[in-house]
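A short worksheet on the structure shown next.
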Amino acid sequence: MRVAVLSDIHANLVALDAVLADAGPVDAVWHLGDVVGYGPDPDGVVERLDEIGAVGVAGNHDRAATGTIDIDWFNTDARAAIVWTRARIGAATAEWLAALPDTRTETGVFLVHGSPADPTWEYILTAALARDGFARLPTRIGLFGHTHLPMAWTLRGSAVGSIVPEDAPAATLAEPDRYLVNPGSVGQPRDGDPRASYLILDPAQGVMSWHRVEYDIAAVQAAMRRAGLPGFLVSRLSVGF
Ligand code: ZN
């Protein structure tokens, strides 16, 4: 089973389509939330995910876009993008986003945006938070997003470690070790590499690989400027930070 795992697409349809083309035929597409927010094409991204039968979970931006959580929790630029997104999205998009669960389990793999402890908001950025995440993870393998950083936390016995794609772009999910894996961000990478990031996972074989794809960043930036989205959100796409 070959699964494309996508996270933090952030209304960037050009990046999403580049990723889907690069991934080629897959048995399933799983997404880890923040489908919208920041980018210029929320309706287009939701239509595409719906069309290909992608399943996933809600992120903080998805909840904010549908009015479930307060926008005061977001910084100024993110808040401006949410206000823009709320005004822009159609009823079908709002309905699709509102139906996303906080977590789900697909073929024995747990999907969440933030962390098993706090699905919407927590960033798993430290070994201590990863350990807490493993304690609450109901499966051997979990997938998370939110940080926009491609990497994996590992639990071998009682030792928490990590894997970064720079060292190992492909890795084995060896039993009985446990894994919390982040595919990186499709629509707004923040690891210093502006290319779209995603993961190919075969849960049955226990193998995974991270991938990077170039897309037409300038076209997305032009669309963002036309939409009047904040300048910082436009410029950060060029540097991937
Ligand atoms: Zn995000």
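The values are calculated or read from the model by the stated rules, or taken from the named source; none is laboratory data. Just so it is clear, the model here is predicted, and its values are computed rather than measured. Here Cβ is always computed from backbone atoms with ideal geometry, including for glycine, and neighbour counts include all displayed protein chains. Remember, those area values only see protein heavy atoms, side chains included, never the ligands or the DNA or RNA. Shrake-Rupley method; radii C 1.70, N 1.55, O 1.52, S 1.80 Å.
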Quick check on the range 84-106. Is at least one of its residues touching a Phe, Trp or Tyr at 6+ places or on another chain (Cβ under 8 Å) and among the aliphatic types (A, V, I, L, M)? no
So, in the range 205-231, exactly how many residues are crowded, with 17+ Cβ neighbours inside 10 Å, over 11 Å from Ala18 (Cβ atoms), touching a residue at least 24 places away in the same chain (Cβ under 8 Å) and out of contact with any Phe, Trp or Tyr (no Cβ under 8 Å at 6 or more places or on another chain)? 4
Going by what's in this entry, would Thr85 be described as more than 18 Å from Tyr123 (Cα to Cα), touching a Pro at 6+ places or on another chain (Cβ under 9 Å) and hydroxyl-bearing (Ser, Thr, Tyr)? yes
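Which members of the range 186-238 meet the condition of being of a type in the set (Gly, Ala, Ser) and within 16 Å of the ligand (Cβ to nearest atom)?
Step one: list which residues in the range 186-238 are of a type in the set (Gly, Ala, Ser), which gives 187, 192, 196-197, 204, 206, 209, 218-219, 222-223, 227-228, 231, 235, 238.
Within the range 186-238, Gly187, Ala196, Ser197 qualify.
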If you go through the range 1-40 one residue at a time, how many are open to solvent by 10 Å² or more (accessible area, probe 1.4 Å) and either small (Gly, Ala, Ser) or assigned to a loop (DSSP other than H, G, I, E, B) (or both)? 11
Filtering the range 1-43 down to residues that are more than 16 Å from the ligand (Cβ to nearest atom) and closer than 15 Å to Ala65 by Cα yields Asp43
Those residues of the range 152-191 which are among the aliphatic types (A, V, I, L, M) and farther than 15 Å from Gly114 by Cβ amount to Ala152, Leu155, Ala159, Val160, Ile163, Val164, Ala168, Ala170, Ala171, Leu173, Ala174, Val186
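Which ranges mark the helices (runs of 4 or more DSSP H) fully within the range 41-99 that have 2 or more residues being within 20 Å of Val220 (Cβ to Cβ) and open to solvent by less than 40 Å² (accessible area, probe 1.4 Å)? I'd like the intermediate steps shown before the answer.
Details: elements: 42-51, 60-65, 76-88, 91-98.
Result: 42-51, 60-65, 76-88.
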Pick out the one residue from Asp17, Asp62 that is more than 13 Å from the chain's Cα centre (by Cα) and either touching a residue at least 40 places away in the same chain (Cβ under 8 Å) or on the phi < 0 side of the Ramachandran plot (or both). Asp17
